[in-house]
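A short worksheet on the structure shown next.
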Amino acid sequence: MKISAFTFIKNGQILGYPFLESIKSILSIVDEFVINIGESEDDTLSQIRAIDNPKIRIIESKWNDQMQDKGYVYGQQKMIAQFNCTGDWLFYIEGDEIYHENDLEKIKESMKLHLNDSNVEALVFDFYHFYGNSNSFLESPGWYRSEARVIKSSVRSYAPDGLFWLVLDGNKKGRYPKAKKVGAYCYHYGWVRSEAQMNLKSQKVQKYWGKSPSKIDYSQIDQSIIKEFTGTHPYCVLNWLPKEKGVYLADANYQLNTKQKKHRQMIKLELLFGLELSKKHYKLVK
């Protein structure tokens with residue numbers, strides 16, 4: 001069994017991604033790591049080169065700034081990296097996602113277990129979406145609770161906007177991959193970086209969705225979905241994490257928008273009927 005990891009990154013340093021920690025978090029269990037690095041305004045390329053690991057294979061690309069429809073340029077860059085992988089399993093990781101060292105063997109064992117099962121095309125992780133600081137995470141159907149991050153190379157898959165995979169049985173219509181849960185978490189730290197870095201990211205990337213940059217204010221959120229994290233963080237990210245104490249506190253006077261009110265109603269239904277209503281881009285199989 002051969003495992004390929006892959007990612008794409010651009011301006012990782014100035015936009016505050018823990019991209020080095022992300023790469024290193026799974027490097028020990030993969031056989032190759034394909035990294036598609038977009039033309040950047042910082043030292044992203046040289047910092048990745050400095051990892052100096054023979055498993056890492058770097059591709060340099062230039063993004064098409066004319067492609068400004070629904071984030072499709074992200075799908076293009078993701079697939080450039082994926083299509084250069086040579087493993088049986090393809091492990092996609094984003095620059096703000098990290099895996100716990102205690103889960104790595106479980107992840108690898110799941111790959112071994114399902115390698116020859118044609119009914120399993122992908123593997124799914126649960127998610128911690130940390131928010132505001134490292135002591136707080138979001139628990140809401142408005143933030144996906146699980147997602148497929150590993151897929152077989154034998155499956156005809158593509159990512160239309162970089163966020164998830166579609167599988168092609170024919171040439172025209174895609175479906176979500178058939179998947180099994182690993183029983184491990186992906187630690188998502190994108191909303192832990194500073195507001196300044198998040199707003200710079202908005203200025204740099206919103207154009208790829210055909211949008212103007214919007215000001216990001218962490219305090220403008222529903223306090224009821226912010227939960228205390230009582231577990232341990234992956235060792236490799238400890239030095240990167242901000243050192244605040246306590247659960248993040250939102251603006252007490254914040255008025256919920258229509259979408260957040262809808263999510264509150266969904267949470268009530270989940271609690272009442274034992275449902276799980278967050279969006280899923282995969283189909284669980286027995």
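So here's what we get for this one:
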item	result
Test result for residue 261, of a type in the set (D, E, K, R), loosely packed, with under 13 Cβ neighbours inside 10 Å and either over 19 Å from the mean Cα position of the chain (by Cα) or under 30 Å from residue 108 (Cβ atoms) (or both)	yes
Subset of the stretch 77-105 [of a type in the set (A, V, I, L, M, F, W, C) and in contact (Cβ under 8 Å) with a residue 24 or more places away in the chain]	79, 80, 81, 85, 89, 90, 91, 93, 98, 104
Which listed residue, of 130, 125, is part of a strand (DSSP E or B), over 17 Å from residue 280 (Cα atoms) and open to solvent by less than 40 Å² (accessible area, probe 1.4 Å)	130
Contacts under 8 angstrom Cβ, first residue in the stretch 254-265 being within 16 Å of residue 143 (Cβ to Cβ), partner in a loop (DSSP other than H, G, I, E, B) and hydroxyl-bearing (Ser, Thr, Tyr), 6 or more apart	263/140
Extreme residue, nearest to residue 23 (Cα to Cα), among residues of the stretch 79-103 that are open to solvent by 20 Å² or more (accessible area, probe 1.4 Å) and outside any loop (DSSP other than H, G, I, E, B)	101
Evaluation of residue 253 against (1) out of contact with any Pro (no Cβ under 7 Å at 6 or more places or on another chain); (2) modelled with pLDDT of 95 or more; (3) within 27 Å of residue 124 (Cα to Cα) (one fails), failing number	(3)
Strands (runs of 3 or more DSSP E) fully within the stretch 1-75 counting 2 or more residues that are surrounded by fewer than 17 Cβ atoms within 10 Å (Cβ to Cβ)	56-61
Residues that are of a type outside the set (Gly, Ala, Ser) and either part of a loop (DSSP other than H, G, I, E, B) or modelled with pLDDT under 95 (or both), drawn from the stretch 133-143	139, 141, 143
Test for residue 207: is it touching a residue at least 60 places away in the same chain (Cβ under 8 Å), touching a strand residue (DSSP E or B) at 6+ places or on another chain (Cβ under 7 Å) and open to solvent by 30 Å² or more (accessible area, probe 1.4 Å)	no
Residue in the stretch 210-217 that is more than 26 Å from residue 29 (Cβ to Cβ), open to solvent by less than 20 Å² (accessible area, probe 1.4 Å), at pLDDT 95 or above and not small (Gly, Ala, Ser) present	no
Top-ranked residue in the stretch 162-174 [being in a loop (DSSP other than H, G, I, E, B) and either polar (S, T, N, Q) or more than 13 Å from the chain's Cα centre (by Cα) (or both); ranked as modelled with the highest pLDDT]	169
Among (1) open to solvent by less than 70 Å² (accessible area, probe 1.4 Å); (2) closer than 21 Å to residue 126 by Cα; (3) touching a helix residue (DSSP H, G or I) at 6+ places or on another chain (Cβ under 9 Å), the one test that residue 282 misses	(3)
Which listed residue is among the aromatic types (Phe, Trp, Tyr) and in a helix (DSSP H, G or I), from 185, 208, 189	208
Qualifying position, being free of Cβ contacts under 8 Å to residues at least 40 places away in the same chain and open to solvent by 60 Å² or more (accessible area, probe 1.4 Å), among 239, 199	239
Considering residues of the stretch 104-122 that are in contact with a strand residue (DSSP E or B) (Cβ under 7 Å, 6 or more places away or on another chain) and open to solvent by less than 40 Å² (accessible area, probe 1.4 Å) only, the residue farthest from residue 4 (Cα to Cα)	120
Residue under evaluation residue 217, criteria (1) touching a helix residue (DSSP H, G or I) at 6+ places or on another chain (Cβ under 8 Å); (2) over 27 Å from residue 69 (Cα atoms), criterion not met	(2)
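The values are calculated or read from the model by the stated rules, or taken from the named source; none is laboratory data. In this text, all values refer to a predicted model and were calculated from it rather than measured experimentally. Methodologically, a virtual Cβ is constructed for each residue, glycine included, from the backbone with ideal geometry; neighbour enumeration extends over all protein chains shown. These accessible areas exclude ligands, DNA and RNA; they are computed on the full protein's heavy atoms, side chains included. Shrake-Rupley method; radii C 1.70, N 1.55, O 1.52, S 1.80 Å.
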